[in-house]
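This report concerns only the one structure given below.
The values are calculated or read from the model by the stated rules, or taken from the named source; none is laboratory data. Please read these numbers as outputs of a predicted model, since none were measured by experiment. Positions of Cβ are backbone-derived with ideal geometry, glycine not excepted, and every protein chain shown enters the neighbour counts.
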Amino acid sequence: MTTGLEVRDLTMTFSGVDALAQVSFSIGEGVWLGLIGPNGSGKSTMLNVLSGLYRPRAGSVVMNGHDLQAVRARHRIRQGLSRTFQHPQLAASLTILENVMVGAAHRPTAEAPSPPASDSGAEWLRRLGCDEYAEHLPSEAPYGVQKLAEVARALMSAPSLLLLDEPAAGLSARERVDLVAALKEIRRHRPTLTLCLVEHDVGLVASLCSELAVLSAGRLIANGPTQTVLADEAVKVAYLGTRSTHDATP
Amino acid sequence: MDLLQASIVLGVVVGIVYALSGAGLVVIFRTSGYISFAQGDIAAVGLFVGLAAYKAGGGYGLTAVTVILVSTVLGGLVGGLITIPLERHGHLPAALSTIGVGLIIGGILNVTVGGDPRAFPEVSSAAAFDFAGVRLGWSDIVGMLASAAIFIGLGFFFRRSRIGIAMRAVNDNRFAGQILGVPDKRLKLVGWIVAGSLSGVLGLFVAPILSLSPVSVNTLLVFGFCAIVIGGFDSIFGALVAGVSIGVLSNLTSAYVDPNLVPTVLWAAMLLVLLIRPNGLFGRRRLVRV
């Protein structure tokens, strides 16, 4: 049985336009992969397909050996898939800690006894460095804390695959440093966690991910070890929108 | 002074019952996002079945258990079979369906048991003790203790239990609830079941005072509705504070102004709160991303 995630020939069409065209890549168990690309390249569409919000026109998503095609979005968390959103989707009337606790609410109590103290919502907030806002409402917490709270909530379901949709978007430089520290803390505590990180900040992605996949206009143009992909000329052209200075030199 | 004390003490006693009626409405609002207008009729069915059990020789304990059990099951059936499925068409059709359910239940009760008021047993008719010059009966004491226990239990349930927190989340951010796999329909059903049992408990307090008819609990639910508008639709604590305030205000108005002006004063207070704080004194203002 293949562990991790395998995406095969995925095609997603909106009004006749291919947002994703026969995209294939895989993420091994415990690997952190950065999914990068310019605006409109299909990154968020890919996350929405992986999490079941969009139904692809063709192709398959296989996770830990299970084809997810017939699994609805709300049930994918039971398969071990959890995600965050570019704009945090927190319940406004619940405190930060209560929001985090909702991450473990997908299973009936009998099936899922309360998590051990080491994996409780309060503990995840402490690890991610935002426990001081545990009793605050999301509207009372900084944006960076709201984003980390959503990550903590996703971790409460004990996922084997975590999808992060632009976790650094809208954060200050200081908050980005805190985010990187928090994500490294997650890797320390969950070394087997497979992660797909969609992000514009290539430097941030490169500091965290050992592999990259690059989308451009819905097509996968590169996939492999981070440094190899970043050195790829096609990636430089597509992602930066210009030829490298090396090519430009006569 | 005696009149003032009596008005306040008895206002608190009856206000807690108002608060309890409001709490049942809050439970459904917190999970489903609308008000049920059928809770009084659901309680009435439980009370009539309970009264039949009492007349058949069952003691008060068996009667009370029967009332709560029937109300609980009926609340779950109404929610699970009618209103929750209707939510896919929006909150308004679901809320309107509760009016329809209430009218149907009331109509059936009128045909089967009749609309004449009848006596309903109370836990005890004995006087307990005097408090601030007011003689309180054991029924009052039991009612207040039970209400206090229910409010503490509801507070703990919604604040500390995983199910209670998830129930609040379901209505607050439906999209997030779905992506997190929260079993929203099951949790909403739990809300209806809890609200049904609260209606039964409320009926046990109301029926001995107002006597039992198909509309007796509904008569009191008007005050419960007023309590949650003033306290805040999503606040159990708000229902408690507003319910007691309404009870005291009603009694003071009745004692010092004119009993006929009680409804006028209450609705005026409600309108005033709506104008100043549309989400109620303890309700949360909803934030909308633009």
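Would you mind telling me which numbered condition in (1) under 14 Å from the mean Cα position of the chain (by Cα); (2) within 23 Å of A:Val23 (Cα to Cα) A:Ala152 fails?
All conditions pass for A:Ala152, except number (2).
Among the residues of region B:31-44, write down those that are out of contact with any strand residue (DSSP E or B) (no Cβ under 9 Å at 6 or more places or on another chain) and buried (at least 24 other Cβ atoms within 10 Å of the Cβ).
B:Thr31, B:Ser32, B:Ser36, B:Ala38, B:Gln39, B:Gly40, B:Asp41, B:Ile42, B:Ala43 - these are the residues of region B:31-44 that are out of contact with any strand residue (DSSP E or B) (no Cβ under 9 Å at 6 or more places or on another chain) and buried (at least 24 other Cβ atoms within 10 Å of the Cβ).
Identify all residues within region A:53-88 that are within 14 Å of chain B (Cβ to nearest Cβ), of a type outside the set (A, V, I, L, M), over 14 Å from the mean Cα position of the chain (by Cα) and under 26 Å from A:Asp18 (Cβ atoms); write none if there are none.
Those that are within 14 Å of chain B (Cβ to nearest Cβ), of a type outside the set (A, V, I, L, M), over 14 Å from the mean Cα position of the chain (by Cα) and under 26 Å from A:Asp18 (Cβ atoms): A:Tyr54, A:Arg72, A:Arg76.
Taking B:Val65 and the conditions (1) under 19 Å from B:Ile108 (Cβ atoms); (2) at pLDDT 95 or above, which numbered condition does it fall short on, given that it satisfies the others?
The one condition B:Val65 does not meet is (1).
Would you be able to tell me the number of residues in region B:83-139 that are at pLDDT 90 or above and touching a Leu at 6+ places or on another chain (Cβ under 6 Å)?
Count: 5.
Taking A:Leu179, is it under 17 Å from the mean Cα position of the chain (by Cα), surrounded by 22 or more Cβ atoms within 10 Å (Cβ to Cβ) and of a type in the set (A, V, I, L, M)?
Spelling it out, A:Leu179 is indeed under 17 Å from the mean Cα position of the chain (by Cα), surrounded by 22 or more Cβ atoms within 10 Å (Cβ to Cβ) and of a type in the set (A, V, I, L, M).
Hey, can you tell me all the residues within region A:94-127 that are over 29 Å from A:Tyr54 (Cβ atoms), at pLDDT 85 or above and at the interface with chain B (Cβ under 7 Å from one of its Cβ atoms)?
Once the filter is applied, which keeps residues that are over 29 Å from A:Tyr54 (Cβ atoms), at pLDDT 85 or above and at the interface with chain B (Cβ under 7 Å from one of its Cβ atoms), region A:94-127 yields only A:Glu98.
So the check is Cβ under 7 Å with 6+ separation or different chains; which pairs have a first residue in region A:22-33 that's hydroxyl-bearing (Ser, Thr, Tyr) and a second one that's surrounded by fewer than 22 Cβ atoms within 10 Å (Cβ to Cβ)?
A:Ser24/A:Arg8; A:Ser24/A:Asp9; A:Ser26/A:Gly4; A:Ser26/A:Glu6
Taking the criterion of being touching a residue at least 40 places away in the same chain (Cβ under 8 Å) and within 13 Å of chain A (Cβ to nearest Cβ), would at least one residue in region B:218-225 satisfy it?
Checked region B:218-225: no residue is touching a residue at least 40 places away in the same chain (Cβ under 8 Å) and within 13 Å of chain A (Cβ to nearest Cβ).
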